[in-house]
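Report on the following structure.
The values are calculated or read from the model by the stated rules, or taken from the named source; none is laboratory data. Note that the coordinates shown come from a computational prediction; the quantities given were computed from them, not determined experimentally. Don't worry about glycine lacking a Cβ; one is built from the backbone with ideal geometry, like all the others, and counts go over all protein chains shown. All accessible areas refer to the heavy atoms of the entire protein, side chains included, with ligands and DNA or RNA removed. Shrake-Rupley method; radii C 1.70, N 1.55, O 1.52, S 1.80 Å.
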Amino acid sequence: MKGRVLVVDDDADARGALAEALRDGGYTVETAADAFKGLGKVPDFAPDLMLTDLKMPGMDGLELLRKLRSGGYDLPVVVTTAFADVVTAVTALKQGAADYLTKPLDLTELSLVVAREMDRLRLRREAGLLRARLAERYSFRNLVGSSPAMQTVLKVLPQVAASKASVLITGEPGTGKELIAAAIHEHSPRAKEPFLKLHCAALAEPLLESELFGHENGALPGSSGRREGRLQQAAGGTLFLDEISALPPALQVRLLRFLQDHTFERMGGEETLDVDVRVIAASNHDLREEVAMGRFREDLFYRLNVVNVDLPPLRARPSDILALAIHFLRKYASEDGKPLEGFSDEALERLAAYEWPGNVRELENAIAHAVVLASGPRVTAAELPPNVGPAAVRTAGIRIPGSKMEDIERHAILTTLEATGGSTTKAADILGMSVRTVQYRLQQYHSAPKSELGAPTIISRRPD
Ligand SMILES: Nc1ncnc2c1ncn2[C@@H]1O[C@H](COP(=O)(O)OP(=O)(O)OP(=O)(O)O)[C@@H](O)[C@H]1O
Ligand SMILES: [Mg+2]
């Protein structure tokens, strides 16, 4: 069976001819003489495609299309129309028709269009099925990632979670390192025990040491009494050490020892403590480079890096962008009590075109921002942060098209100067301008009133 087609046309001859041509082409066909009857046949016949005339007495083709969609049917609809009425056909396309055919019908064109729609439908169904199957296999609560790059990561998580080995999670800022650490803990046999975090870059050495290992009375200046460190508090569970590259050398030695034999002493303490804690570390610096530079102990690196989970930047997994955007839209819309349905087409295009230097965190902030501003049922492009979009539109208030040549030139000169560390000679060379022109322009920028040229010093705007 090649597929099921429902033909709706008030003209009996046209209906008959269409049905015959389609049956000859191997399709299963049902017909209806008006839009009401057509709608009535949809639930039982379950067509893969509908072919409907536009001009019909009673309910016309456009109305039929709207009723189908509002009833939740998303099957492709191809409309047929008199040659003179192409304007209505275009309206139908805008409202979601898949294509239109002009009458008198060309049977070759008919069979091409129907075959193409059936192909698309099949591909869509297969993709949907595949996605659903993958999502089922490696899904973690609150973790979006059906892209191939994320699936590679997620498929090892169950094994990683089951083992006791130390884990090093690497990835650019905002790629989800902490979220993955929490997911590993939640799916581990330690899930009921504590999951604690310590940010190694947030505290200076004596405090950091005390936070990690605890201290005895008087050992930490300015603090009295004995204090338990995170290692002890996390007993039986998992300790997440964020930005491990910031761990000072002396503490690197102490952590190494703990990883080797589970023992440590509190600051100023004699007693050797022995606790069972799984350590997950994260870094957005390349730790191997830190090792090569002599800033991070190689032995500690290997102890931590028993398992490495490397999170790809968002730009390397474009198919996750929209899924994440929808995930965050649901999250923030429900927090704000706003009944948002989704994004406008233009907003989706902008989200997809942007490079996301701040990765998932930046995307999350952008959506949170948009949800606050959203006034209609769909988030529009204008409600997204202004920098979100293709690179050309993003450049520091410069819009192409939309900016004057002199503003573009000013931007080019200032950005290039920034890149050359202020050398006008190098900048002139890169820009293919004379040094004197560059210098002259700079003088102009300094003396120009702001109203003419805008704020001259903003080179790039990044979201917060
Ligand atoms: N795959 C994902 N699915 C859903 N939410 C995600 C995903 N990845 C990241 N997030 C969300 O994005 C935000 C940033 O993630 P997270 O804090 O884990 O990043 P990070 O890599 O630890 O960043 P940093 O290096 O700056 O500490 C969090 O709110 C997190 O919940
Ligand atoms: Mg983090």
Notebook entry, point to check: How many residues are within 12 Å of ligand 1 (Cβ to nearest atom) and open to solvent by less than 70 Å² (accessible area, probe 1.4 Å) when one looks only at the stretch 185-201?
Noted result: 2
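If you check Leu198 against the conditions, is it away from ligand 2 (no atom under 11 Å from the Cβ), outside any loop (DSSP other than H, G, I, E, B), in contact with a Leu (Cβ under 7 Å, 6 or more places away or on another chain) and among the aliphatic types (A, V, I, L, M)?
Values: away from ligand 2 (no atom under 11 Å from the Cβ): yes; outside any loop (DSSP other than H, G, I, E, B): yes; in contact with a Leu (Cβ under 7 Å, 6 or more places away or on another chain): yes; among the aliphatic types (A, V, I, L, M): yes.
Criteria met by Leu198.
For Ala204, state whether it is away from ligand 2 (no atom under 11 Å from the Cβ) and surrounded by fewer than 17 Cβ atoms within 10 Å (Cβ to Cβ).
yes
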Item checked: Cβ-Cβ under 7 Å pairs, at least 6 apart or on other chains, the stretch 214-236 side more than 11 Å from Met267 (Cα to Cα), far side open to solvent by 20 Å² or more (accessible area, probe 1.4 Å) and acidic (Asp, Glu) -> Arg230/Glu211; Ala235/Asp276; Gly236/Glu193; Gly236/Asp276
Note to self: Pairs needed: first member in the stretch 153-173, among the β-branched types (Val, Ile, Thr); second member anywhere, open to solvent by 20 Å² or more (accessible area, probe 1.4 Å) and away from ligand 1 (no atom under 16 Å from the Cβ); C-beta distance under 6 Å; at least 6 residues apart or different chains.
What the structure shows: Val160/Val307; Val167/Val307
Notebook entry, point to check: Could you list, in sequence order, the residues of the stretch 324-359 that are among the hydrophobic types (A, V, I, L, M, F, W, C) and open to solvent by 20 Å² or more (accessible area, probe 1.4 Å)?
Noted result: Ile326, Leu340, Leu348, Ala352, Ala353
Checklist line | Matching option when the condition is in the same structural domain as Arg257 (by TED's automatic domain parsing) and modelled with pLDDT of 90 or more, among Leu351, Leu363, Leu300 | finding: Leu300
Checklist line | Considering residues of the stretch 226-283 that are among the acidic types (Asp, Glu) and closer than 21 Å to Ala204 by Cβ only, the residue nearest to ligand 2 (Cβ to nearest atom) | finding: Asp242
Margin query: Here is a list: Gln232, Gln260. Which entry is part of a helix (DSSP H, G or I) and open to solvent by less than 70 Å² (accessible area, probe 1.4 Å)?
Written below: Gln232
Next item on the list: Find the residue count for the stretch 87-118, including only residues that are under 28 Å from Ser344 (Cβ atoms) and loosely packed, with under 12 Cβ neighbours inside 10 Å.
Entry: 2
Next item on the list: Could you tell me whether Phe213 is in contact with a His (Cβ under 9 Å, 6 or more places away or on another chain), closer than 21 Å to Val275 by Cα, assigned by TED's automatic domain parsing to the domain that holds Glu298 and away from ligand 2 (no atom under 12 Å from the Cβ)?
Entry: no
Next item on the list: Scan the stretch 166-177 for residues that are open to solvent by 10 Å² or more (accessible area, probe 1.4 Å), at pLDDT 95 or above and either part of a helix (DSSP H, G or I) or more than 10 Å from ligand 2 (Cβ to nearest atom) (or both) and jot them down.
Entry: Ser166, Thr170, Lys177
